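The values are calculated or read from the model by the stated rules, or taken from the named source; none is laboratory data. These numbers come from a predicted model, not from an experiment. FYI the Cβ positions are ideal-geometry reconstructions off the backbone, even for glycines, and counts take in every protein chain you see. Side chains included, ligands, DNA and RNA excluded: accessible areas come from the protein's heavy atoms. Shrake-Rupley method; radii C 1.70, N 1.55, O 1.52, S 1.80 Å.
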Amino acid sequence: MKKDKATIIADAVHSLLDSFQREDFPVKIANTIIRKQNGDTIPADSWTLANRALMTSQGTDDARGFTQWQSANRYIKKGATAIYIFAPLTKKVKETDEYTGEISVKIIITGFKPIPVFRVEDTEGEPLPVFDYTPKTFPPFFDVADKLGLTVEYAPLRSNFLGRYLTKTSTLELCSEDAVVYYHELAHAIHNSFVNLATYNKDKAEIVAEFSACILCELSGINGYQWQGFDYIRHYCANESENNKILKKIMSVLSDVEKIVSIVLDTTNDKF
């Protein structure tokens, strides 16, 4: 006999709460970062991860040197100040193999030098190409956003979030292709339809969104995000170390979580 919706949700909740209690999770997998379509590139794509992090921490997803902007027919605005990335200083050293006596040349890093670059927001001139960040495949329940009047936009990695829900425009902005990121922001949007997130306790709102996302992953057969969900929720439980206290926080918002998941299942055309 096919299970009814309430039983399906209850089974998923029980499974997750049990794994949270025992901290018995599948192998953790890394977040994926949204990528541009093949062929689209900017200079920062070749930078080190540390330099890209420095760039995004300055609130931009495109920064270039003075001549690089000139090549793109864009120019630095008057009064703009540079941000800095770091290029390695290297030198060649000879090494002699103690067994064979063979001499080899090795390049070592001796330090770093600051390189000034300018944010795209501090330039003007010809328009830049608009890159397509839309993933090739979409997660289960992706039809729910459209049916609820929500806009989904994919964007490059920002400095402090993988996704966000913009209440004023009813937009989910996603910087990752991971289903759990979509589910988290979708949960925020649905939650906002029956509570006022502007006045709702922000820690509780994050717990609601993340546990809802975990359940939707469970229903989609997606594994590897349970550790992430547990750690995320623990952060919004004032970093409680005792699992029982974390579970009590989840239980206190479970009615909202179940309502969100129920709305998703009522709205989607996907089978679950």
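A few comments on the model shown:
- Qualifying position, being within 14 Å of Y183 (Cα to Cα), buried (at least 18 other Cβ atoms within 10 Å of the Cβ), among the hydroxyl-bearing types (S, T, Y) and out of contact with any Gly (no Cβ under 9 Å at 6 or more places or on another chain), among Y225, Y236: Y225
- Of all the criteria given as (1) touching a Pro at 6+ places or on another chain (Cβ under 8 Å); (2) modelled with pLDDT of 95 or more; (3) aliphatic (A, V, I, L, M), the one not satisfied by A179 is (2).
- For segment 205-225, a residue qualifies if it is charged (D, E, K, R) and modelled with pLDDT of 95 or more, and the qualifying residues are E206, E210.
- The sole residue among A44, A87, A53 that is in a strand (DSSP E or B), surrounded by 12 or more Cβ atoms within 10 Å (Cβ to Cβ) and small (G, A, S) is A87.
- Search result, residues across segment 166-217 that are farther than 24 Å from A12 by Cα, of a type in the set (S, T, Y) and either open to solvent by 30 Å² or more (accessible area, probe 1.4 Å) or assigned to a strand (DSSP E or B) (or both): T167, T169, S170, T171, T199, Y200
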